[in-house]
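Colleague: Take this structure first; my questions come after.
The values are calculated or read from the model by the stated rules, or taken from the named source; none is laboratory data. Keep in mind the model is a prediction, meaning the values are calculated, not measured. Cβ coordinates were reconstructed from backbone atoms using ideal geometry, including for glycine residues, and neighbour counts include every protein chain displayed.
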Amino acid sequence: MAGGTGLVVDARMLQHHPGAGHPERPDRLRVLLDRFDHAPGLVRLGARPATEDEIARVHAPALVELVASTAGRPHAVFDPDTRASAGSWDAARLAAGGLIELCDAVLDGQVHNGMAMVRPPGHHAEYDRAMGFCLFNNVAIAAAHLRVRGIARVAIIDWDLHHGNGTQHLFAHDPSVLYVSTHQFPFYPGTGAAEEVGEGRGAGYTLNLPFPAGFGDAEFARAFDELVRPVLRQFRPEFVLVSAGFDCDLRDPLGALETTPGGIAAMAAACLRSAEETAGGRIAAVLEGGYDLAAIVDGVDTVLDVFRGRGDLPPLVTGNPRRLDRLATRVRVVQSPFWHL
């Protein structure tokens, strides 16, 4: 019988090796394979490589060719943070194609929702540049695929610690894709100010919530209730994509946000409710960052529990909702030409 929560995971993505000591290491996926490969109650979906044409819907052909040229080479460097190995071309295509497969499974009624546990991550990859550990922008490729499949409005909700500069820029002029990001600010990659709202016909279709270091569960939960969900109700997406980075967890070594599984549960539940309101429940999450292995496992476990409708979700532990006051006021002023907040 069709339905349930889908899971995309493929050991072939372990073949991406950015180099010794790199935070985006194969163990990030290995711990998820160990935890979820035989977990009951999930619908296993296979990954397949995205085609070059699918990738080129959002990326310059020259970038596709450049990443392809690394196949079989032991070392290739895009920037000081972003490197490839002999298996990175295949892994990057599987990461993008795995999310496409999940989106198709949701659209076709094979599953209700799901998560693609992929690497390398994607949200920093620009039209013509690999950066920030990312080779191709997996969530952007999936959004473009959904548009080809006839979905008129796609929402991308990004709760990674780092701002998804690539995703924002790829859809900055596109009113059919709403990009929402919570992220530590100021921080890498330097984008994501509240005043960045999109450009031209896309003005108003970018919602940035730049959080200072130290924000935790309570601030995230309030922001989703008071700012994110009202915009989603007005945008009325037909499909919701989630860039699920777990580096916003307080255990992560690369940042200074302080969510716990309770905060992740609040965000995932808000996204799911929004999908149920306007998109027939169609929602798919994809792994972005997250560099503490226990936090990654806990985060994915929490998202899957929410998507499967399990009760007894973890409570909010960290943060103070009143600390959101100043940012919420600023965001309401910036977004007032576009949304009722």
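Colleague: Just checking: which of the helices (runs of 4 or more DSSP H) contained wholly in region 135-253 hold 1 or more residues that are of a type in the set (D, E, K, R) and closer than 28 Å to W89 by Cβ?
Modeller: Where helices (runs of 4 or more DSSP H) fall fully within region 135-253 and carry at least 1 residues being of a type in the set (D, E, K, R) and closer than 28 Å to W89 by Cβ, they are 138-148.
Colleague: I'd like to verify a number: residues in region 124-148 that are among the aromatic types (F, W, Y) and either closer than 16 Å to M13 by Cβ or within 15 Å of the chain's Cα centre (by Cα) (or both), how many?
Modeller: Total meeting the criteria: 2.
Colleague: For region 282-341, name all the residues that are polar (S, T, N, Q) and surrounded by fewer than 16 Cβ atoms within 10 Å (Cβ to Cβ).
Modeller: To start, the set of residues in region 282-341 that are polar (S, T, N, Q) comprises 302, 318, 320, 329, 335-336.
If the condition is that a residue be polar (S, T, N, Q) and surrounded by fewer than 16 Cβ atoms within 10 Å (Cβ to Cβ), then N320, T329, S336 are the ones that fit.
Colleague: Give R119, R153, R129 a once-over and let me know the one that is of a type in the set (K, R) and over 28 Å from P212 (Cα atoms). It would help to see each step written out before you state the result.
Modeller: Numbers: R119 fails: over 28 Å from P212 (Cα atoms); R129 fails: over 28 Å from P212 (Cα atoms).
After applying the criteria, what remains is R153.
Colleague: Still on this structure, please answer the following. Restricting attention to region 273-324, which residues are among the aliphatic types (A, V, I, L, M) and in a loop (DSSP other than H, G, I, E, B)?
Modeller: A279, L313, L316, V317
Colleague: Within region 91-112, which residues are of a type in the set (G, A, S), touching a helix residue (DSSP H, G or I) at 6+ places or on another chain (Cβ under 9 Å) and farther than 19 Å from V303 by Cβ?
Modeller: Answer for region 91-112, where residues must be of a type in the set (G, A, S), touching a helix residue (DSSP H, G or I) at 6+ places or on another chain (Cβ under 9 Å) and farther than 19 Å from V303 by Cβ: A91, A92, A96, G97.
Colleague: Could you please find all residues in region 198-225 being within 19 Å of the chain's Cα centre (by Cα), under 15 Å from Q168 (Cβ atoms) and surrounded by fewer than 23 Cβ atoms within 10 Å (Cβ to Cβ)?
Modeller: Scanning region 198-225 gives G198, P210.
Colleague: Kindly list the number of the only condition in (1) touching an Asp or Glu at 6+ places or on another chain (Cβ under 8 Å); (2) free of Cβ contacts under 8 Å to residues at least 60 places away in the same chain that fails for R147.
Modeller: With (1) touching an Asp or Glu at 6+ places or on another chain (Cβ under 8 Å); (2) free of Cβ contacts under 8 Å to residues at least 60 places away in the same chain applied to R147, the lone miss is (1).
Colleague: If you don't mind, another one. Can you report the number of residues in region 110-148 which are touching a Cys at 6+ places or on another chain (Cβ under 8 Å) and over 25 Å from P23 (Cβ atoms)?
Modeller: If we filter region 110-148 for residues that are touching a Cys at 6+ places or on another chain (Cβ under 8 Å), which is where we start, we get 120-125, 142, 145-146.
From what's left, over 25 Å from P23 (Cβ atoms): 145-146.
Of the residues in region 110-148, 2 are touching a Cys at 6+ places or on another chain (Cβ under 8 Å) and over 25 Å from P23 (Cβ atoms).
Colleague: Only one residue in A68, A39 is over 17 Å from G132 (Cβ atoms), of a type outside the set (D, E), modelled with pLDDT under 95 and exposed (fewer than 15 other Cβ atoms within 10 Å of the Cβ). Which one?
Modeller: Going through A68, A39 in turn, just one is over 17 Å from G132 (Cβ atoms), of a type outside the set (D, E), modelled with pLDDT under 95 and exposed (fewer than 15 other Cβ atoms within 10 Å of the Cβ): A39.
Colleague: Please enumerate the residues belonging to region 146-205 that are over 23 Å from A96 (Cα atoms) and acidic (D, E).
Modeller: Of everything in region 146-205, those that are over 23 Å from A96 (Cα atoms) and acidic (D, E) turn out to be E195, E196, E199.
Colleague: For region 226-275, what are the residues that are surrounded by fewer than 24 Cβ atoms within 10 Å (Cβ to Cβ) and of a type in the set (D, E)?
Modeller: Listed by number, the residues that qualify are E226, E238, D252, E258.
Colleague: When you check D34 against the structure, is it surrounded by fewer than 16 Cβ atoms within 10 Å (Cβ to Cβ) and either within 19 Å of the chain's Cα centre (by Cα) or under 21 Å from H123 (Cα atoms) (or both), yes or no?
Modeller: For D34, the condition - surrounded by fewer than 16 Cβ atoms within 10 Å (Cβ to Cβ) and either within 19 Å of the chain's Cα centre (by Cα) or under 21 Å from H123 (Cα atoms) (or both) - is not met.
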